[in-house]
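One structure below.
The values are calculated or read from the model by the stated rules, or taken from the named source; none is laboratory data. Bear in mind that the values here come from a model prediction, so they are computed numbers and not experimental data. Methodologically, a virtual Cβ is constructed for each residue, glycine included, from the backbone with ideal geometry; neighbour enumeration extends over all protein chains shown.
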């Protein structure tokens, strides 16, 4: 699905606010930022941006913005629009997800095809829409603690509550070779896990 980016450089805070209101009626996402020429200098103006699924800029919009900004004591300094190239954000994220050793576990995405280090328990999991790839400190801490505790005691039926991607349940199943209970309230996480 194509995405369009519309950017207006605006003089005056009140003018920027009215431009943001107009953009908000037309677009799916709007932001406004005060701009500066260099750090510590006085504000140079405002950048008001909008993202939409169709082009927004036309002569009527330009006139409407000029009049609205002038009525608030400001001006439109520039108005530019461009189509943003489509990207597969999940594929890019997967490529950027490096394999990692976390305690006794070796976590990698499906794109990684080498042999895991000797003595590790491999877990293949892709960075996607559910939480849990082993990079977050809470997940790393749980994996390290679990590997430590599994050497010192027996677990009959571990539970992974708020499973996200299922990484902790997968680690428990591979390490303990027993039944695991994993649950989550998020339907996407349940589907992913």
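Annotations
- Test result for residue 16, out of contact with any strand residue (DSSP E or B) (no Cβ under 6 Å at 6 or more places or on another chain), over 30 Å from residue 125 (Cα atoms), surrounded by 12 or more Cβ atoms within 10 Å (Cβ to Cβ) and at pLDDT 95 or above: no
- Residue 150 farther than 23 Å from residue 189 by Cα and surrounded by 13 or more Cβ atoms within 10 Å (Cβ to Cβ): yes
- Every listed requirement among (1) part of a helix (DSSP H, G or I); (2) not assigned by TED's automatic domain parsing to the domain that holds residue 137 is met by residue 44 save one, (1).
- Scanning region 161-174 for residues that are in a helix (DSSP H, G or I) and either without any contact (Cβ under 8 Å) to a residue 12 or more places away in the chain or in contact with a strand residue (DSSP E or B) (Cβ under 6 Å, 6 or more places away or on another chain) (or both) turns up 168, 169, 170, 171, 173, 174.
- Single condition residue 82 does not satisfy, out of (1) touching a helix residue (DSSP H, G or I) at 6+ places or on another chain (Cβ under 9 Å); (2) touching a residue at least 40 places away in the same chain (Cβ under 8 Å); (3) in a strand (DSSP E or B): (1)
- Qualifying residue in region 60-78 (condition: under 23 Å from the mean Cα position of the chain (by Cα), free of Cβ contacts under 8 Å to residues at least 24 places away in the same chain and surrounded by fewer than 17 Cβ atoms within 10 Å (Cβ to Cβ)): no
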